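The values are calculated or read from the model by the stated rules, or taken from the named source; none is laboratory data. Worth saying up front: this structure is predicted, and the values here are computed from it rather than measured. We place every Cβ from the backbone using ideal geometry, glycine too, and count neighbours over all the protein chains shown. Accessible surface areas use protein heavy atoms only, side chains included; no ligands, DNA or RNA. Shrake-Rupley method; radii C 1.70, N 1.55, O 1.52, S 1.80 Å.
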Amino acid sequence: MTNALDEIRFSELPDDGNHWVVIEHGAVRWNNDAQDEPLVDIAFRELGSDKVAIRQIAKSYTAYLLRGSVWKNGLLVGERDDLVDMTLDFDLHQLKDIHYITAHSKDIELKRALNRSSGAIHDDPLYAISPKQYPIPSQLKRTKYFPVRTNQGVELIVNCLTVFDALYGHGQFMRKTLFNYYSDKALKLLEFKDYDINEFENPPRAEQYQIGVKTKVLDADVPLVFGLKEFESLQKSVNYLSSQLTRKAEGGDRYLSIRPWFEGNHQWHVTGLWLEPGKRFLALRINKFKYPQLPSFYLVRENRNAQAQEPESGSGTVNLPLYNTDKKPKTSGKGKSNSRSRSTKLFSGSAEMWGEPDIEKPRPKKTENDKGSGKTEPKELNTVSPSDMNSAKSNAGKVDVDRDKQQDNPNKQLSEEESREALYAINLISKALAMIQREQSVNAQVHTLNDSLGWTQHDLLDLSFHHFQGVNNWCLNKRLADRHDEPHKCPKRKYVVLRLRAKGMVFYFVALERFKNNRFRTGILSFSSDQELLEKLPLIEKALIDKKGVWRNINAPFLFSTVSHGAESVTVAKQICRKLGLSLKLGEGDIS
């Protein structure tokens, strides 16, 4: 099983040995091969020429064929090198009054849309999206865009399908359901009601919103199920989308108008291009967004609380059926899966969110038939009864083990193996960045923040550790806390700060020490300067302590992205390059 999008071949894409960049997503069409999977026109332009190719791809795959990404023979090889990242926020009120523009709208139409006014369109030679700055093929000239003026004074333009892919679900199941069904039908497919709250030992608290979801709904998509129940704006947005899809259209082409589904303040981290520096920005994708104020959820799953999403695994991978017909697995953009298909994980283009929903899950009550969890219960170890020697719960052969657990040496230190495990994530990120630094094509430089809050050349064998200053359990090494008479004197949790400079960009990595079963990601931060990082460092520490190391629960504009930790440093290095837009050729031989 593979985890990298650059190892998946899309068979519908140009296969001529040339580099093709994704320009735009356009019309939505009926798919005769799969009725619940509409097709989307995607425009490609050959690099270095004006040659254009239009391909029809299943809607579920548009989240992977990102605008600005570069492909060769159906394989992802990189992205444009002139893309800009920025964080913007804006306020929306009266969603029904939103006006849209098209790919070839005149500048006056954009002004009218932003001012929410009507009137005649004058003969204006200027275009809202300048063909010189970003040429969009005439075949997609009717593509719809959502325009808004941000609180920073920027005229932001974004494709309506981009809005959908970012704000209408993290998982394919959620996006597919909201795209294909009216709100009442969608809610029936997503909500789970067949449970008895009396079966659980931890009933919902008064301030929690009780909600049940089907097995395929990710934890991150629970706010959308809640929205279908409680937000009229989401209900209307989904119904409006479905009405456009069911409406007859000339030639079967439907250019959809899609808006953000809630009113109030919106905060987006976007990637795109300046059409007019400092004034007008074309967002090619939305990387991160903020939901409206949400309650704390008491979540019951259809399969009685099984995890549909591993803790801290994020929404970056989705299982898709792919035909195993080549050395590089292919996807057929139009067809269905069959019995010959296998499950392959792709990195999704799904946007992350600032601040995950607060979710508590019920614990089933224990019954007389429960056999327990297999955990050895503390018991008197001075004697062993011969009558239970052959039983499953026999304590035979376990006396010394249990005695060691109960009578640990209070001054016992962590073993070398335990120490390596605790620093596993830190070492993995350190090695991955060292690999990127060795690639001469990007002239990358990596430095470590030392004890004196200065920067030193990155050295795998000489990392500078910082310690969390809190005194709660999360900040302390719990393995040693149980072995000291005064837990507060135990070692504090460590972290490292690494700085990566490459292609004119600067990013900061904060990697955390793990205890026991911790599965923290590493945070990728973005600041205007080193000084700003140092000023914010105490706030970063406090936020990590408050959220117990879970980056995705931290609502902060400086959090650019996160890195999950695989088994090998080369895999992590590839992931970092993909998130930062660095085109590097990292081979298996680079593992150190």
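The set of residues in the range 258-275 being out of contact with any Pro (no Cβ under 8 Å at 6 or more places or on another chain) and either free of Cβ contacts under 8 Å to residues at least 24 places away in the same chain or open to solvent by less than 10 Å² (accessible area, probe 1.4 Å) (or both) consists of Ile258, Pro260, Trp261, Trp268, Val270, Thr271, Gly272.
Does Arg175 satisfy the criteria of being at pLDDT 90 or above and in contact with a Gly (Cβ under 6 Å, 6 or more places away or on another chain)? So Arg175 fits the description; yes. Among residues of the range 8-26 being within 26 Å of the chain's Cα centre (by Cα) and among the small types (Gly, Ala, Ser), the one that is farthest from Phe179 (Cα to Cα) is Ser11.
From the list Gly523, Gly504, which residue is under 20 Å from Leu580 (Cα atoms), open to solvent by 60 Å² or more (accessible area, probe 1.4 Å) and either assigned by the TED database to the domain that holds Trp455 or modelled with pLDDT under 85 (or both)?
Working: Gly523 fails: open to solvent by 60 Å² or more (accessible area, probe 1.4 Å).
Matching residue, one of Gly523, Gly504: Gly504.
A search for C-beta distances below 7 Å between a residue of the range 206-229 that is part of a helix (DSSP H, G or I) and any residue that is open to solvent by 50 Å² or more (accessible area, probe 1.4 Å), counting only pairs 6+ apart in sequence or on different chains, returns Ala220/Glu356; Leu228/Gln235. Only one of the numbered conditions (1) over 18 Å from Tyr255 (Cα atoms); (2) open to solvent by 50 Å² or more (accessible area, probe 1.4 Å) is not met by Trp30, and that is (1).
Among the residues of the range 244-252, are any in contact (Cβ under 8 Å) with a residue 12 or more places away in the chain and crowded, with 20+ Cβ neighbours inside 10 Å?
Scanning the range 244-252 turns up no residue that is in contact (Cβ under 8 Å) with a residue 12 or more places away in the chain and crowded, with 20+ Cβ neighbours inside 10 Å.
Regarding Glu46, is this residue open to solvent by less than 10 Å² (accessible area, probe 1.4 Å) and either in the same structural domain as Trp268 (by the TED database) or over 21 Å from the mean Cα position of the chain (by Cα) (or both)? Here the answer is no, as Glu46 does not meet what is asked. I'd like the full set of residues that are over 15 Å from Asp253 (Cα atoms) and part of a loop (DSSP other than H, G, I, E, B), limited to the range 38-54. If the condition is that a residue be over 15 Å from Asp253 (Cα atoms) and part of a loop (DSSP other than H, G, I, E, B), then Leu47, Gly48, Ser49, Asp50, Lys51 are the ones that fit.
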